[in-house]
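Data first, discussion second: the structure below is written as structure tokens.
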Amino acid sequence: MKTLLDHLDIDVVATTTVVTANQRLTRALRAAFDARQQGAGQTVWESPDILPWSGWMQRLGQQWQEVDPVAPELLSDWQSRAVWEQVIAAAEADRPLLNLSATAKAAFEAWGLAHEWRLPLPLPEPLADDPRAFQRWVACYRDRCRTQGWSDAARLPDHLIAAVPGGGIDIPARLVLAGFDRLSPRQEALFQALESQGCALIRHRPDTQERGRAQRIELPDGATELKGAAHWARAWVEQGASRVGIVLPDLGNRLDAVEATFTAILAPETLLPGSDPDAPRPFNLSLGRPLAFEPVIHTALGILALARGKGELFAWGDLLRAPFWQGGATEAIPRALLEAALRRRRATRLGLGAVMAAAQGDEQRGLPPCPILAQTLAGLRAVMTEQGEGGSPALWAQRFGAWLTRAGWPGEQTLTSREYQAVQRWRRTLEQLASLEAVAPRMSLGEGLSWLRRLALETLFQPETPEVPVQILGPLEAEGLDFDAVWVGGLSDEVWPPQPSPNPFLPVELQRRLKMPRASQTEEGAFAAELTQRWLHTAPEIVMSWPAHEGDRELRPSPLILGVPLGTPPKIPQESVDVSACSPYAEETRPIPTGEQVEGGSQLFADQAACPFRAFARHRLAARSLETPEEGLDARHRGDLVHAVLEHFWRVVGSQERLLALDVAGLEEQVAQAVDAAVAAFAERAPELLPPRLSRVERKRLTRLVVAWLDLERTRAPFTVVASEGGGRGELGGIAFNVRIDRIDRLEDGGLVILDYKTGGQKKPQDWFGDRPNDPQLPLYAVTLQGEVAGLGYAQVRLGDSKFAGLADREGVAPGVGELAQSRLTEVTDWHAQLAAWRATLEGLATNFREGVATVDPKEGGKSCQYCDLAGLCRIHEVGMGTEALEGEGHEPEIG
């Protein structure tokens, strides 16, 4: 950096232009120049002319167009890409491409490479299919540009070379090139043209420092490697270092993990609730994220997408939880509850009108009122329906801006610095959309939204931040910079050297012969070796690391670092968590007043047995994860339909005697009526889940399933169905709860048998036993039901695998329902004694729940936690519990 600044002595700064390879080096040079002037005691100085290559090209292009009256109009990159799309779509009209925008982008890049490396166009034959197609498109693109009087950035340097002799551009007395590893043939031609007109060209090479003290270290995996680098960087900053570099060749693929790790280790205070969102962090990432990924911009795109019609439920969820539009902050809680209610309705797509109606509120349907949301959506629908059939890109940009204003975007809260900068960048993105009018005079709504989303996705957003001591860079961004210490990570042989990726629309052999970027493994290897050697001279202390594993795969170090001495990995502080912190609510729990009804029914007892904290969180805090609807009917829906069909059937038939009296035709008629009634009721509640075509298929499935099940019912001892899907209330151990029993049968001697339909995985009676039974539902009903209970059983209704499983006070109740006295599941042989034992167990669970016992104590460790949705609340995994691998195959919770 020092020798580079020597080119900007105060006596020559006015006549010197420095062109850098990237924006980061430009900022670093400007800051270093200012620091040098301040160190020299200067209070006022002339700003140096330092700018990146892209900025220099833009400035020269503007000068050329101002001077040359017949200069063509220069298209922006996005305008050029739009023309490429039009050309390719027209040329391939008889065989539409799967991804037109991606093809046009690759063709646009090939066009730029061909000019940068001065390839002859048209390309010499023979050609493969893709380059031959590119040839056709080039001819059309040239004709279109010639007709319209256009040129583009790919051809700008050629225009400048031609303009240099005639004074068409300002030529600096001295031109310094900084940070360029390779110059293309056309860049060389431009510089030669400038030199021929008296410009002094200085090709600056990085300062040659002595090789630093380097070590090569292996870390177990990528996550540990990032932690090691972050702790290492923190140690250097704490020692007073102001320039610490972290270079990651695969930074783009690890951006989220890198930011999360370095934030947690270098700026953990920013993760605390209530922390200042604009508080500076001691590190900076060289790569930006797509503008579309910024939450405030994601909300804007989501609002505009409402004009398309029905949207995905998950997109609606993002909007309902977003604070960046009208009422997003003041109505945050009702909107979150509304999302949960909409998810419970199980629809996967919702229109603006449906959500607007739901926002009116409906207590019976569990929909909380969101009046601001309802009013905002009504206003949006009004302005969006006035859009017309199409319009120019400029008109769409104007409309989109107006719609967002009508929606109250970007919200009522004060924006953070990052959010404010993102909004400003968004406004420029709308301007870019409007600029497409020059090449695409008319677009449909869908095309306008698609272009806007692509602009936001391909615009990398990097907010401006103050100078910080730790710079996290990709390999090219580190060029020209020097550090107090540098860590280069991720150097496995799969990442470094990088794999070649030649452009598909230019002949690969030609790219290799001309040594074009990314064309061959040889060139990539040579370039990576050169960079590796430079890193060894960028700081007094250098660490080069690689992860030993990625998942189950073993990784080897890059061959380019094998000559670096092997070092000792740094000690990474172990994260420790106080186990008591895993039950933050335990000390705050209070007993439940006797007789107070608690939501949850028998599931409360199952949860208390599985883990007391689970029962507390679900049934006292009402903690629930959001449901995830699936397209069409899921297992729960199908189970509900089976329940409904059997309820309708037994309500009419009523007993086994009447079942046996039905002939084949009569049975089919009764089943058909029950199926029709169940399907009709379901379709009325959720028509989007059961359209007519699927309804016909589901009727056939239900008919086959129920007829097969009733064949098994015929083999039982005589019974009468006295209750089907009956509800009520029960009380045990001071806990009042809801009861819903699938079915109760009365035997000939008056004994009652309680049945629980199962349409999913198998359930077995052994789940009823022990101090913490896995499935206490049927025992709970047995000890709280009025009447003489003689048996309990699961009715597994599955096509090809229908059966009963249970226990009773006698033999012969049903196939698969055995006599308790003959069972090996318990030492108790007397039925009434077993009922008493179940009562004692369940009363104990109820007492613990009522008294507020809420310890994090999963009954079977990882198995109990495997399908629990409360791990984020109890934080059990932070202390290593609940993470052990399960032996054998797990099973998901029973549905139906």
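The values are calculated or read from the model by the stated rules, or taken from the named source; none is laboratory data. Since the structure is predicted, the reported quantities are computational estimates derived from the model, not experimental observations. Reconstructed Cβ throughout: ideal geometry from the backbone, glycine too, with neighbour counts over all protein chains shown. With ligands, DNA and RNA removed, areas are computed over all heavy atoms of the protein, side chains included. Shrake-Rupley method; radii C 1.70, N 1.55, O 1.52, S 1.80 Å.
When the accessible area of region 77-152 is computed with all protein chains present and a 1.4 Å probe, what percentage of it is carbon and sulfur?
On the way: 2030 of 3720 Å².
Carbon with sulfur: 55 percent of the solvent-accessible area.
Using 1/(1 + (r/R0)^6) with R0 = 51 angstrom and r between the beta carbons of A305 and T855, what's the FRET efficiency to the nearest 0.05? Write out the running numbers ahead of the final one.
On the way: r = 46 Å, r/R0 = 0.90.
My answer for the efficiency is 0.65.
Of P773, A615, W56, whose Cα points farthest to the positive end of the dipole of the chain (charges on the beta-carbon: +1 Lys, Arg; -1 Asp, Glu; origin at the Cα centre)?
The listed residue farthest towards the positive side: W56.
Mind pulling the angle between the C-alpha long axis of helix 635-653 and the longest principal axis of the chain? Nearest 10 degrees, somewhere in 0 to 90.
20
Using only the Cα atoms of region 601-659, what semi-axes does the equivalent ellipsoid have when each is the square root of 5 times a gyration tensor eigenvalue? Give whole Å, largest first.
Working: eigenvalues 222, 72, 13 Å².
Calculated on Cα positions only, the semi-axes equal 33, 19, 8 Å.
222 nm [θ] for the chain, helices only, -39500 (n - 2.57) per DSSP H run of 4+, per residue, to 500? Display every interim value, and only then the final one.
Working: 30 runs with 383 residues, N = 896.
Taking each H run of at least 4 residues, the total per residue is -13500 deg cm²/dmol.
Restricting things to Cα coordinates, could you compute the convex hull volume per residue of region 256-319 in Å³?
Numbers: hull volume 7.5 nm³, N = 64.
Spelled out: Cα convex hull of region 256-319, divided by residues, is 117 Å³.
For region 1-138, what mean projected area does the convex hull of the alpha carbons give, in nm²? All intermediate terms of the calculation are to be shown ahead of the outcome.
Working: hull surface 50.2 nm².
Its Cα hull, projected and averaged over all orientations, spans 12.5 nm².
I want to check the label-to-label distance for T847 and A173. Put each point 7 Å from Cα in the C-beta direction and report it in nm to one decimal.
Distance between the two pseudo-spin positions: 9.7 nm.
Can you tell me the convex hull volume per residue for region 714-837, based on C-alpha atoms, in Å³ to the nearest whole number? Before the final figure, lay out the partial values.
Numbers: hull volume 14.2 nm³, N = 124.
Hull volume over Cα atoms, normalised by residue count, gives 114 Å³.
Which length gain, in nm to one decimal place, applies between S242 and D181 when the Cα-Cα distance is subtracted from 0.36 nm times their residue separation?
Values: separation 61, 0.36 × 61 = 21.96 nm, distance 2.60 nm.
Gain on stretching S242 to D181: 19.4 nm.
Bin width 10 Å, origin at 0, all Cα-Cα pairs of region 602-851: what percent of pairs per bin?
Calculated P(r), rounded to whole percents: 7, 28, 33, 23, 8, 0.
Students often get this wrong: which residues of region 248-266 have the backbone nitrogen under 20 Å from the point 7 angstrom along Cα-to-C-beta of A223?
Within reach of a label on A223, which here means backbone N under 20 Å from a point 7 Å along Cα→Cβ, region 248-266 contributes 250-266.
Fully extended, how many nm does the chain gain between T465 and L271 (0.36 nm per residue separation, minus their Cα-Cα distance)? Present the calculation step by step, with values, prior to reporting the outcome.
On the way: separation 194, 0.36 × 194 = 69.84 nm, distance 1.84 nm.
Gain on extension, T465 to L271, equals 68.0 nm.
Which whole-percent values make up P(r) of region 125-227 when all C-alpha to C-alpha distances are grouped in 5 Å steps starting at zero?
Taking all Cα pairs of region 125-227, the binned fractions are 2, 8, 11, 11, 11, 11, 9, 9, 9, 9, 6, 2, 0 percent.
When all protein chains stay in place, what accessible area (Å², nearest 10, 1.4 Å probe) is found for C868?
Accessible area of C868: about 40 Å².
So what is the relative contact order of region 77-152, in percent, for Cα pairs below 8 Å that sit 6 or more residues apart?
Across region 77-152, relative contact order equals 38 percent.
For an R0 of 22 angstrom, estimate the FRET efficiency from the Cβ-Cβ distance between D552 and F293 and round to the nearest 0.05. Please list the in-between numbers first.
Details: r = 30 Å, r/R0 = 1.38.
Efficiency, from the Cβ-Cβ distance: 0.15.
Between R590 and A332, what FRET efficiency follows from the Cβ-Cβ distance if R0 is 22 Å, with the result rounded to 0.05? Mind dumping the intermediate values first?
Details: r = 28 Å, r/R0 = 1.26.
Result of the calculation: an efficiency of 0.20.
From the residues P371, P393, V645, which one has its Cα farthest along the dipole of the chain in the positive direction, the dipole being from +1 and -1 charges on Cβ of Lys/Arg and Asp/Glu about the Cα centre?
Projecting each Cα onto the dipole axis, the largest value belongs to P393.
Viscosity 1.306 mPa s, temperature 10 °C: give me the Stokes-Einstein translational D for region 54-210 in µm²/s, with Rh taken as the Kirkwood radius over C-alpha pairs.
For these conditions, the coefficient is 91 µm²/s.
Using just the alpha carbons, could you tell me how many Å³ per residue the convex hull of region 428-501 encloses? List each step's numbers first, then the result.
Numbers: hull volume 13.8 nm³, N = 74.
In region 428-501, the Cα convex hull volume per residue is 186 Å³.
How do the peptides 162-168, 732-738, 393-399, 408-414 rank, highest first, by the average count of neighbouring beta carbon atoms within 10 Å per residue? Could you put the intermediate results ahead of the total?
On the way: 162-168: 14.3, 732-738: 18.4, 393-399: 20.7, 408-414: 16.4.
With the highest mean Cβ count within 10 Å placed first, the list reads 393-399, 732-738, 408-414, 162-168.
As I understand it, the value is the acute angle between the Cα axis of helix 332-344 and the longest principal axis of the Cα atoms of the chain; what does it come to in degrees, rounded to 10?
Orientation of helix 332-344: about 60 degrees from the principal axis.
Stokes-Einstein diffusion coefficient for region 204-272 at 37 °C in a medium of 0.692 mPa s, Rh from the Kirkwood formula over Cα pairs: what value in µm²/s? Walk me through the numbers on the way to the answer.
Numbers: Rh = 14.0 Å.
Estimated diffusion coefficient is 235 µm²/s.
Alpha carbons only, please: Rg and Dmax for region 283-398, in angstrom.
15.7, 53
With every protein chain present, what accessible area does K859 have (1.4 Å probe, heavy atoms only), rounded to the nearest 10 Å²?
It works out to around 70 Å².
Note down the magnitude of the dipole of the chain about its Cα centre, charges +1 on Lys and Arg C-beta and -1 on Asp and Glu C-beta and zero elsewhere, to the nearest 20 debye. Each step should come with its number before you reach the end.
On the way: 93 positive and 119 negative charges, 318 e Å.
Taking the Cα centre of the chain as origin, the dipole is about 1520 debye.
To test your reading of the geometry: what angle, between 0 and 90 degrees and rounded to tens, separates the Cα axis of helix 23-39 from the longest principal axis of the chain?
The two axes meet at around 60 degrees.
With the Cα gyration tensor of region 353-484 giving a ≥ b ≥ c as the square roots of its eigenvalues, does the rule (a/c under 1.5 for rounded; else a/b larger than b/c for prolate; else oblate) give rounded, prolate or oblate? Please list the in-between numbers first.
On the way: a/c = 3.04, a/b = 1.49, b/c = 2.05.
Oblate is the answer for region 353-484, as a/c is 1.5 or above yet b/c matches or exceeds a/b.
Among W150, N99, Q38, flag the residue with its Cα farthest along the positive direction of the charge dipole of region 12-152, charges on Cβ as +1 for Lys/Arg and -1 for Asp/Glu.
After comparing all options, I get Q38.
With only Lys, Arg, Asp and Glu charged, each at its Cβ (+1 for the first two, -1 for the last two), find how big the charge dipole of region 295-355 is about the Cα centre; round to the nearest 20 debye. Could you put the intermediate results ahead of the total?
On the way: 9 positive and 4 negative charges, 65 e Å.
That gives a dipole near 320 debye.
Under the classification rounded if a/c is under 1.5, otherwise prolate if a/b is larger than b/c and oblate if not, where does region 77-152 fall, given a ≥ b ≥ c as square roots of the Cα gyration tensor eigenvalues?
Numbers: a/c = 1.44, a/b = 1.04, b/c = 1.39.
It is rounded, given that a/c, with a ≥ b ≥ c, falls under 1.5.
For region 301-381, which trypsin sites (Lys or Arg not before Pro) are both in a DSSP coil and crowded by at most 11 other Cβ atoms within 10 Å? Mind showing how you got there, number by number?
Working: sites: R308, K310, R321, R335, R343, R344, R345, R346, R349, R365, R381; in loops: K310, R345, R346, R365.
Qualifying residues, ordered by number: R365.
Label-point separation (nm) for Q38 and R714, each offset 7 Å from Cα along Cα-to-Cβ?
Label at Q38, label at R714, 9.4 nm between them.
In whole Å, what are the Cα extents of the chain along the three principal axes, biggest one first?
Per principal axis, max minus min of the Cα coordinates gives 115, 63, 55 Å.
Which three extents, in whole angstrom, do the alpha-carbon atoms of region 16-55 cover along their principal axes, largest first?
33, 17, 10
At 20 °C and 1.002 mPa s, grab the translational diffusion coefficient of region 673-755 from Stokes-Einstein with a Kirkwood Rh over Cα pairs, rounded to a whole number in µm² per second. Each step should come with its number before you reach the end.
Numbers: Rh = 15.7 Å.
It comes out at roughly 137 µm²/s.
Measuring from label point to label point, each 7 Å out along Cα→Cβ, what is the R281 to A102 span in nm?
It works out to 3.0 nm between the two label points.
Treating only the Cα positions of region 287-354 as identical point scatterers, give the base-10 log of I(q)/I(0) from the Debye formula at each q in 0.14, 0.16, 0.26 Å⁻¹.
These q points yield log10 I(q)/I(0) values of -0.43, -0.56, -1.22.
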